[in-house]
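Visitor: What follows is a single structure, and I will ask about it in a moment.
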Amino acid sequence: MPTVNDTARHGTTVLRASRLFDGETASPVDNPVVILEGTTIAGIGCAADLRHGETVVDFPGATLIPGLIDPHVHLAFDASSDPVKSLAERDDDAVVAAMRIAATTALRAGITTIRDLGDRDFLSLALRGAADLPTIVAAGPPLTTVEGHCHFLGGEVAHRPAELRAAVRAHVERGVDVVKIMASGGTMTPGSLQEQTQFDREALRAAVSEAHRHGIPVTAHAHGHRAVLDAIEAGVDGVEHVTFWATEGVDTPGRELVERIVSQRVALGATAGVLPRTDSVMPAPVSQRMPAIIANFAALYAAGAVIVAGTDAGIGPYKPHDVLPYAQDRLAAFGMDPVTILRSMTSVAAGVCGLGHRKGRLRAGYDADVVVVQGDPIADLAALHRVVAVYSRGTRVDPGSRTTA
Ligand SMILES: [Zn+2]
């Protein structure tokens, strides 16, 4: 265990552990050192490269991995049994305070980057860049139809292409990193049904083309088969949920749709990850459909689709803001092996968040986001629950307490 001051005089920290997973390479590096300089990884080497007198933080028996990345969270939802009500009862100052707590909870579990896919009134944007929080990629309020799914977040738009273009422009002017659009209904909103579409294809296309004109990606919330198909046709960069939800049970995507998802490299956010706690279960309509949803994802994965966990953290007690490590079980059920799961939570998720050039890999020049887990996650992914230390842009995070199962 480290006994020395973590940050040496010249702002350099050297981490030494038993092995390293770089976010990509299947075989781990043995006896690595990672040199952190300020907020960046200055270099990766082996113990023999150490210079005399350098201060080393030792983690015997542990593995260094890139900071984990959750591409679908809601900092404004507090993971209570009624997060919509909690949010409605809070003024903006109270919401921001709760969002800071949510982001800190994620960071302590080793989640050093999060993509917030739906806040209220753009409140997540001002949290970006805070030194004590994870890196935040922010969508602001999701675009939705009048009284549509999550309308209470403030993103209602009239169902006309020109209105959608204007709404996207307004989001871009506010400085969002990504646009989230509700292509279908969802569970959290009374009067909204997952199996029904919200915007038609023409409206979705208008939103996507306007966002892309400004260099901003679009991810669509889509449950029903038709909504997924329309979003893919409209050229979205990602689709969240992708449950193929039907009135009764779940549809199966046709081969053509699967091929389009794969060939367009559309990132699928699987809403994977729940606390395995008996007092904290997902709603019955979801759990009943889960075997068929998993079977669809397994087919998409086998076909070569890009799949990330995208937990939807915050929407209930079974999805706290540090739930991402628990997504490993669901991703394994899709057929992913441990290395693929680790890539999905690091380098692949970084690309999905538009940060593949500086996040998700342990590599010189990348952000110094490093998680130290006890054991070897490639041999035993449960190591993701044994976080020993977290470095976020070079700063060691106060461990605090974590949500456990
Ligand atoms: Zn969501």
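Visitor: Run the helix sum for the chain: -39,500 (n - 2.57) per DSSP H stretch of 4+ residues, divided by residue count, reported at 222 nm to the nearest 500 deg cm²/dmol.
Guide: -8000 deg cm²/dmol
Visitor: Peptides 106-117, 125-136: what's the order by average Cβ count within 10 Å, highest mean first?
Guide: Ranking the peptides 106-117, 125-136 by packing returns 106-117, 125-136.
Visitor: Continuing with this model, one more query. At 0.36 nm per residue, and after removing the present C-alpha to C-alpha distance, how many nm does the segment from residue 26 to residue 233 gain when stretched out fully?
Guide: My answer for the length gained is 71.1 nm.
Visitor: Next question. Which cross-chain or sequence-distant (5 or more) residues have an amide H under 5 Å from the amide H of residue 33, H modelled 1.01 Å from N in plane?
Guide: 45, 46, 47
Visitor: Still on this structure: Report residue 321's accessible area, 1.4 Å probe, all protein chains in place, as a number in Å² to the nearest 10.
Guide: Using a 1.4 Å probe on the heavy atoms, I get roughly 20 Å².
Visitor: Find how much the distance from residue 263 to residue 85 grows on full extension, using 0.36 nm per residue of separation minus their present alpha carbon separation; answer in nm with one decimal.
Guide: The span from residue 263 to residue 85 would gain 60.0 nm if fully extended.
Visitor: Here's another thing I want to ask about it. How large a share of the accessible area of the chain, in percent, is made up of carbon and sulfur atoms when the probe is 1.4 Å and the other protein chains stay in place?
Guide: For the chain, the apolar C and S fraction of the accessible surface comes to 51 percent.
Visitor: Sort segment 291-357 into rounded, prolate or oblate with this rule: let a ≥ b ≥ c be the square roots of the eigenvalues of the Cα gyration tensor; rounded if a/c is under 1.5, and if a/c is not under 1.5, prolate when a/b is larger than b/c, oblate otherwise.
Guide: Oblate, since a/c reaches 1.5 and b/c is not below a/b.
Visitor: Work from the charge dipole of the chain (Cβ charges, +1 for Lys and Arg, -1 for Asp and Glu, about the Cα centre) and give the residue of 372, 112, 283 farthest towards its positive end.
Guide: 372
Visitor: If 391, 326, 301 are ordered by their accessible area, calculated over protein heavy atoms with a 1.4 Å probe, which sequence runs from highest to lowest?
Guide: Sorted by accessible area, descending: 301, 326, 391.
Visitor: Here's another thing I want to ask about it. Be a star and scan segment 62-94 for residues whose amide nitrogen sits under 11 Å from the point 7 Å along the Cα-to-Cβ vector of residue 379.
Guide: It comes to 62, nothing else.
Visitor: Counting alpha carbon pairs within less than 8 Å and at least 6 residues apart, what relative contact order, in whole percent, applies to segment 220-270?
Guide: 42 percent
Visitor: Does segment 307-404 classify as rounded, prolate or oblate by the C-alpha gyration tensor (a ≥ b ≥ c root eigenvalues; a/c under 1.5 gives rounded; else a/b over b/c gives prolate, otherwise oblate)?
Guide: Rounded, because the longest to shortest axis ratio a/c is under 1.5.
Visitor: What ranking, highest mean first, results for peptides 58-66, 77-85 when packing means the other Cβ atoms within 10 Å averaged over each residue?
Guide: Going by the mean number of other Cβ atoms within 10 Å, highest first, we get 58-66, 77-85.
Visitor: What is the set of long-range amide H partners of residue 368 at a cut-off below 5 Å, with H atoms built 1.01 Å from backbone N?
Guide: 40, 41, 393, 394
Visitor: Ok, one more. In nm, to one decimal, how far is the modelled label at residue 170 from the one at residue 332, with both set 7 Å along Cα→Cβ?
Guide: Going by the 7 Å Cα→Cβ label model, 4.6 nm.
Visitor: For 70, 92, 49, give me the order by solvent-accessible area with a 1.4 Å probe, most accessible first, ignoring ligands, DNA and RNA.
Guide: Largest to smallest exposure gives the sequence 49, 92, 70.
Visitor: Assuming a ≥ b ≥ c are the square roots of the Cα gyration tensor eigenvalues, decide whether segment 235-286 counts as rounded (a/c under 1.5), prolate (otherwise, with a/b larger than b/c) or oblate.
Guide: Taking the square roots of the gyration eigenvalues as a ≥ b ≥ c, segment 235-286 is oblate.
Visitor: Among 218, 348, 262, which one shows the highest mean-square fluctuation when the chain is modelled as a Gaussian network with alpha-carbon springs under 10 Å?
Guide: Judging by the Gaussian network model, the answer is 262.
Visitor: From the convex hull of the Cα coordinates of segment 68-352, what is the mean projected area in square nanometres?
Guide: 13.1 nm²
Visitor: If you don't mind, another one. Calculate how many DSSP beta bridges within the chain are antiparallel, expressed in % of all such bridges and rounded to the nearest 5.
Guide: Around 45 percent of the beta bridges assigned by DSSP in the chain are antiparallel ones.
Visitor: Another question, then. If you take every DSSP beta bridge fully contained in segment 12-103, what fraction is antiparallel? Give it as a percent rounded to 5.
Guide: Bridges in segment 12-103 that DSSP calls antiparallel: roughly 70 percent.
The values are calculated or read from the model by the stated rules, or taken from the named source; none is laboratory data. Small disclaimer: the values here were computed from a predicted structure and weren't measured. Note that we place each Cβ from the backbone using ideal geometry, even for glycine, and neighbour counts take in every protein chain shown. Just the protein is used for accessible areas: all its heavy atoms, side chains included, with ligands, DNA and RNA removed. Shrake-Rupley method; radii C 1.70, N 1.55, O 1.52, S 1.80 Å.
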